[in-house]
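Enquirer: Supplied in structure tokens, the structure appears directly below.
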Amino acid sequence: METALFFIMAAIAITAGGMVILNKNPVKSAFSLIVVMLALAILYMQLSATFLSMIQIMVYAGAVMVLFLFVLFILNVGVEGAFSSRMYKRAVAGLVGALMGVVLIAAVLMRGSRMQQLPGMDVAGDFGHIKPVGELLFTKYLLPFELLSILLLVAIIGAMLTTRPKWPKLKLPPELWPGTADEASTETGEEN
Amino acid sequence: MFEGLYSWSAVAPALVVLATALVVMMTDLFVEPGNRIVPWLTIAGLFAGLVVSISMWGTEEVAFSGAWKIGAFSIYFYCIFIVAAIITIFFSMSHEERRGRFPGEYWSLIPFSVVGMMVMASAADLITLIIGLETMSLCAYVMVGLNRGDKRSSEGALKYFLLGAFASAFLLYGTAFIYGSVITTRFAEITVFVSAHSNAIPFNLQVGAILLLVGLGFKVAAVPFHMWAPDAYQAAPTPVTGFMATAIKAAGFAAIVKIFGLMLATSALVLQDLIWWLALLSMIVGNFAAVMQMNLKRMLAYSSIAHVGYLLTAIVGSDPGVSLQGGTGVLFYLVSYALMTLGAFGVLIIIGGGEDRRETLVDMTGLASKSPGLALAMTIFMVSMSGIPPTIGFFGKFYVFGAAVQSGYTGLAVIGILTSVVGVFYYLRVVVNMYMKPAEKSFVPWRRSRISDITLGVLAAAVLYIGIFPQSLLDLARSAFKSLF
Amino acid sequence: MNQTTLTLLIDAGKIAVILGCTMGAVAYTTFAERRFAAFMQNRIGPNRAGPWGLLQPLADGFKFMFKEDFVPEFADRFLYRLAPIVAFVPALLLVGVLPFGPDLVIGSQVIPLQIADPNFGVLYFLAIASFGVYGVIMAGWGSNNKYSIAGGLRASAMMISYEVSMGLAVVGLIMMAGTVHMSTIVGQQDGFFGWFIWKQPLGFLIFVVTTFAETHRVPFDLPEAEQELVGGYNTEYGSMQLGLFQMGEYAHLITASALMVALYLGGWQFPGLNLLENSPILYALAGLTVMAVKVFFIIFVFIWVRWTIPRFRYDQLMRLGWKVLLPLALLNILVTALVILI
């Protein structure tokens, strides 16, 4: 039963993943991506990573994809504009994708029996629950966890800075104006 | 279990710089736009970080349960980052007088990106490394896009952002593969695993290593992952370009040295051949494309790609167990490259007034008669970049190619030397333009800026001084590299 | 009959009964809403179908069923059809982790009055509840109508703004309870002053406000806002499709109220209830009743608010979400952490 569920969810995830890239309408692609996320969440749960599974639904399927859709709605990306009509570009992209796929499949197949012999593969009884995950985050992965807050702060500053319509001009006294008069005028024009 | 969990002393330099970033960000809120106190505060904070870093030279500490390792290697890189950042701020202040104001957040983005770089330089864990790299990259994306309203600039910034995000995906994918085969992300444990399994490296580890190489190759702009570099370099405000070419590249190489020069430095990996190809292509494409460029920022972009190629020749096949020369060469080269590149961009900032118009080869004609000091400084930087003694650039190339010869890659070294000759052509073309051609168009005067004059003078002096007495820097580089293992 | 089969049968029975009760409650909540609205506006309200109008929900249901089922010409057929289902199903899924009463003991058989008690109970609730918004977004996009799209946009923006505060408000409670098991959280709220509302007053307040937004109730019903958006996302819908949307909303309202009761108001616990502990069946029934009364009281508050408070403007809504609720929720976590530390 568990195996059957795995294959069903895997099939759903792959199909929906294909629809993400094959759909010509970006909104529909986004909806397909939600399906991928949900299927992944169920697969995580099968791997007894229940906390990760819930967070996957809450953060990715729930919040991130809503933001995606929000942006798509506002931009109202047309079906035509979203796609390059050049065939060779698609061919190259397809080739690279196929290559990555082959590598991934090979990696899974080559895994063989070696992986099971490695240490750290035993799953404890409460593996994936909130408590052990939190404990790991605050002990073994304390540093990356704290560093993430800096990363997020930088991301916020960057987002604010790039989306701000314009920043106030510097008023230079005339004797500091660079170059000739016409250059000074182009300079002030640049900020607008 | 909680042994060595956290340690304030191990992160002290990074904390000082982080505090600087936060203080500067808050100060900017309360002062009038354009107040000079903000950049000076940034410099003061960075300087404090530098002092703390240097005072920790010689200490070695592994903290955060193995995710962080501070030692001579990290501190060596800290110094590169902080000095490059301080010089960038000096140049930015003089750039402001010519091209208009930077937004207040700019001054805090520089220390923020330095924090990211410091994390990269002392990370002993793949996840930590990637978070540091992302922090740095996010700052860089934003800073590249600061030339608002210029379509070409937005295009360059967007290209940089998209390809950078793509590269990050490669890095994460590679990390996942490595974790999948080793069940750890700690460098020390991976090193042990690799040396224990050196006759049968798992396929997943091979794939992961290659993906990491692709990702880092994107970040340092090695051919064939260099497409973004010329556009982004040209798009960014010139001080930012200088910062990207030096500090960000150095941070990328801190990661490369740690991962490919040490952790995965075994000939059992297919990787070594790939790095060989990357080095070769970077040297050839970078140098020959640079010849075609009339825009000096683009030219320096391609030349930086070529320099990545030179740096990679020292990484190829360098086995730290046999010889320290490869890693030492890279560390030495990074300092030399930082000094001369910052100098070259500094000159471009001074002559490039108004719009980004005066940045082509033609604009340099007759510079010697208008401003002999500036022309002399530019000559020193160009000579150093082409690797002619008695400049620092000569020794950089010497050590790097020497390392390649020593590890048996003589062919690569020969190609490196041949392509350097191509480099001589386009670097000296600038000098020829400055000295031997009369000014074609009336030269628009620019305002002298004492800060950048002094900075340029110091840089030029450093290029010459270390070019004559390279030994002490070389010793520093060697002990820094030695501290890694 | 062996134990496995028995457990399976009991579980199936529980699911059937709980779903049936929820659907019935949905039907009568609509009725209650109309009667209360009438009462507050000094009208009579629906009173013709059956005694006191009690058969009104049935009549409404028949009306929805027999209306013409249509798809507007320019709509995206697939999304248009899917949207009401996506809006309705998550609301029903939510009842899965709610504890309705103490364990029912019949002979040797212990039956927890809860469909499932996973180790991620509260998280499940937050995750699935955030999913309901997709029905609204799909409807907005699929209808291909500008009012609908505006409704969908508003719903997505609102969900983002309020989901964060809601999650953070619950984090304070989780820290205090030290678990995310729903049954354990209810079990901890022994005695009147053991209810988490007394330990987490600020968290409760934020949770209530965000629940209003989560269920798209006045004063946060911007996605449908009849006066501005002609019904918003459901402008183009009719017949049972519209019925599903409305049932989804009411089901969400009921489950959200039940969650609020379970998390903050002691769930099925009530002072003096444990006197009945010796007769398990009576105890369970009393617990169920207490739960039902509390849930009904919360629903009544929702209805009450709907007919007394005007709607927020969009920018006010955003400001409240990001500038008031979010900092307050963070403050709540901070204070809770300090209290736990001391």
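The values are calculated or read from the model by the stated rules, or taken from the named source; none is laboratory data. Just so we're clear, the structure is a prediction, and the values are computed from it rather than from any experiment. Reconstructed Cβ throughout: ideal geometry from the backbone, glycine too, with neighbour counts over all protein chains shown.
Enquirer: Working only within segment A:1-24, note down all residues that are surrounded by 16 or more Cβ atoms within 10 Å (Cβ to Cβ) and at pLDDT below 85.
Expert: The answer is A:N23, and nothing else.
Enquirer: Go through segment C:134-161 residue by residue and tally those that are at the interface with chain A (Cβ under 9 Å from one of its Cβ atoms) and more than 26 Å from C:V261 (Cα to Cα).
Expert: Residues that pass the stated criteria total 9.
Enquirer: More than 18 Å from the chain's Cα centre (by Cα) and closer than 21 Å to C:A329 by Cβ - does that describe any residue in segment C:201-219?
Expert: yes
Enquirer: Of the numbered conditions (1) surrounded by 13 or more Cβ atoms within 10 Å (Cβ to Cβ); (2) over 24 Å from C:I303 (Cβ atoms), C:D69 satisfies every one except a single condition; which is it?
Expert: (1)
Enquirer: What are the pairs, 6+ residues apart or on separate chains, where a residue within segment A:46-58 that is more than 7 Å from chain C (Cβ to nearest Cβ) and under 20 Å from A:A10 (Cβ atoms) has its Cβ under 7 Å from a residue that is among the β-branched types (V, I, T) and surrounded by fewer than 22 Cβ atoms within 10 Å (Cβ to Cβ)?
Expert: Close Cβ pairs (under 7 Å, with a partner that is among the β-branched types (V, I, T) and surrounded by fewer than 22 Cβ atoms within 10 Å (Cβ to Cβ)) amount to A:S48/A:V123.
Enquirer: Anything in segment C:1-45 that is free of Cβ contacts under 8 Å to residues at least 24 places away in the same chain, out of contact with any Lys or Arg (no Cβ under 8 Å at 6 or more places or on another chain) and either in a loop (DSSP other than H, G, I, E, B) or more than 30 Å from C:V105 (Cβ to Cβ) (or both)? List them, or say none.
Expert: Once the filter is applied, which keeps residues that are free of Cβ contacts under 8 Å to residues at least 24 places away in the same chain, out of contact with any Lys or Arg (no Cβ under 8 Å at 6 or more places or on another chain) and either in a loop (DSSP other than H, G, I, E, B) or more than 30 Å from C:V105 (Cβ to Cβ) (or both), segment C:1-45 yields C:M1, C:N2, C:R34, C:R35, C:A38, C:F39, C:N42, C:R43, C:I44.
Enquirer: Right, something else. Give me a count of the residues in segment C:252-273 that are in contact (Cβ under 8 Å) with a residue 40 or more places away in the chain and not in a loop (DSSP other than H, G, I, E, B).
Expert: Qualifying residue count for the region: 12.
Enquirer: On to the next question. Does at least one position in segment B:426-438 carry a residue that is within 18 Å of B:V330 (Cβ to Cβ), touching a residue at least 24 places away in the same chain (Cβ under 8 Å) and either surrounded by 17 or more Cβ atoms within 10 Å (Cβ to Cβ) or hydrophobic (A, V, I, L, M, F, W, C) (or both)?
Expert: No, every residue in segment B:426-438 fails to be within 18 Å of B:V330 (Cβ to Cβ), touching a residue at least 24 places away in the same chain (Cβ under 8 Å) and either surrounded by 17 or more Cβ atoms within 10 Å (Cβ to Cβ) or hydrophobic (A, V, I, L, M, F, W, C) (or both).
Enquirer: Okay, moving on. Of all residues in segment C:46-65, how many are assigned to a helix (DSSP H, G or I) and free of Cβ contacts under 8 Å to residues at least 12 places away in the same chain?
Expert: Number satisfying all stated conditions: 5.
Enquirer: So which pairs qualify, if the first residue must be in segment C:112-124 and at the interface with chain A (Cβ under 9 Å from one of its Cβ atoms), the second must be among the hydroxyl-bearing types (S, T, Y), the Cβ gap must be under 8 Å, and the two must be at least 6 apart or on different chains?
Expert: C:P118/A:T50; C:P118/C:Y124; C:N119/A:T50; C:F120/A:T50; C:F120/A:S53
Enquirer: Does C:R154 count as among the basic types (K, R) and either touching a Ser or Thr at 6+ places or on another chain (Cβ under 9 Å) or closer than 30 Å to C:L326 by Cα (or both)?
Expert: Taking the combined requirement at face value, the residue satisfies it.
Enquirer: Which members of segment A:51-73 meet the condition of being modelled with pLDDT under 85, over 15 Å from the mean Cα position of the chain (by Cα) and not aliphatic (A, V, I, L, M)?
Expert: Matches in segment A:51-73: A:F70, A:F73.
Enquirer: What is the number of the single condition among (1) under 23 Å from A:K140 (Cα atoms); (2) within 13 Å of another protein chain (Cβ to nearest Cβ); (3) surrounded by fewer than 20 Cβ atoms within 10 Å (Cβ to Cβ) that B:N35 does not meet?
Expert: Of (1) under 23 Å from A:K140 (Cα atoms); (2) within 13 Å of another protein chain (Cβ to nearest Cβ); (3) surrounded by fewer than 20 Cβ atoms within 10 Å (Cβ to Cβ), only one is false for B:N35: (1).
Enquirer: Looking at this structure, is C:V164 in a helix (DSSP H, G or I), surrounded by fewer than 23 Cβ atoms within 10 Å (Cβ to Cβ) and more than 9 Å from chain A (Cβ to nearest Cβ)?
Expert: Against the criterion (in a helix (DSSP H, G or I), surrounded by fewer than 23 Cβ atoms within 10 Å (Cβ to Cβ) and more than 9 Å from chain A (Cβ to nearest Cβ)), C:V164 does not qualify.
Enquirer: Taking segment C:231-240 as the region of interest, how many residues are assigned to a helix (DSSP H, G or I) and surrounded by fewer than 24 Cβ atoms within 10 Å (Cβ to Cβ)?
Expert: Within segment C:231-240, residues that are assigned to a helix (DSSP H, G or I) and surrounded by fewer than 24 Cβ atoms within 10 Å (Cβ to Cβ) number 2.
Enquirer: Please count how many residues of segment B:366-414 are assigned to a loop (DSSP other than H, G, I, E, B) and touching a residue at least 60 places away in the same chain (Cβ under 8 Å).
Expert: Adding up the residues that qualify gives 7.
Enquirer: Test of understanding: among B:F73, B:F81, B:F77, B:F64, which residue is crowded, with 24+ Cβ neighbours inside 10 Å and on the phi > 0 side of the Ramachandran plot?
Expert: After applying the criteria, what remains is B:F64.
Enquirer: Still on this structure, I have one more. Within segment B:103-121, is there a residue that is within 11 Å of chain A (Cβ to nearest Cβ) and more than 22 Å from B:L50 (Cα to Cα)?
Expert: Within segment B:103-121, one or more residues are within 11 Å of chain A (Cβ to nearest Cβ) and more than 22 Å from B:L50 (Cα to Cα).
Enquirer: So, of the residues in segment A:117-145 that are outside any loop (DSSP other than H, G, I, E, B) and within 7 Å of another protein chain (Cβ to nearest Cβ), which turns out to be modelled with the lowest pLDDT?
Expert: Restricting to residues being outside any loop (DSSP other than H, G, I, E, B) and within 7 Å of another protein chain (Cβ to nearest Cβ), the top hit is A:I130.
Enquirer: If we scan segment B:121-140, do we find a residue that is assigned to a helix (DSSP H, G or I), in contact with a Leu (Cβ under 6 Å, 6 or more places away or on another chain) and at pLDDT below 90?
Expert: No: segment B:121-140 contains no residue that is assigned to a helix (DSSP H, G or I), in contact with a Leu (Cβ under 6 Å, 6 or more places away or on another chain) and at pLDDT below 90.
Enquirer: Moving on. Just a yes or no: is a residue in segment C:77-100 modelled with pLDDT under 80, surrounded by 15 or more Cβ atoms within 10 Å (Cβ to Cβ) and more than 14 Å from chain A (Cβ to nearest Cβ)?
Expert: No.
Enquirer: Tally the residues that are of a type in the set (A, V, I, L, M) and within 14 Å of C:I254 (Cα to Cα), restricting the search to segment C:1-47.
Expert: Residues meeting the conditions: 7.
Enquirer: So the check is Cβ under 6 Å with 6+ separation or different chains; which pairs have a first residue in segment B:285-302 that's in a helix (DSSP H, G or I) and a second one that's surrounded by fewer than 19 Cβ atoms within 10 Å (Cβ to Cβ)?
Expert: If the second residue must be surrounded by fewer than 19 Cβ atoms within 10 Å (Cβ to Cβ), the pairs left are B:N287/B:V422.
Enquirer: Separate question: Would you point out which residue out of C:F212, C:F204 is assigned to a helix (DSSP H, G or I), modelled with pLDDT of 80 or more and more than 23 Å from C:L334 (Cα to Cα)?
Expert: None of the other options fit; the residue is C:F212.
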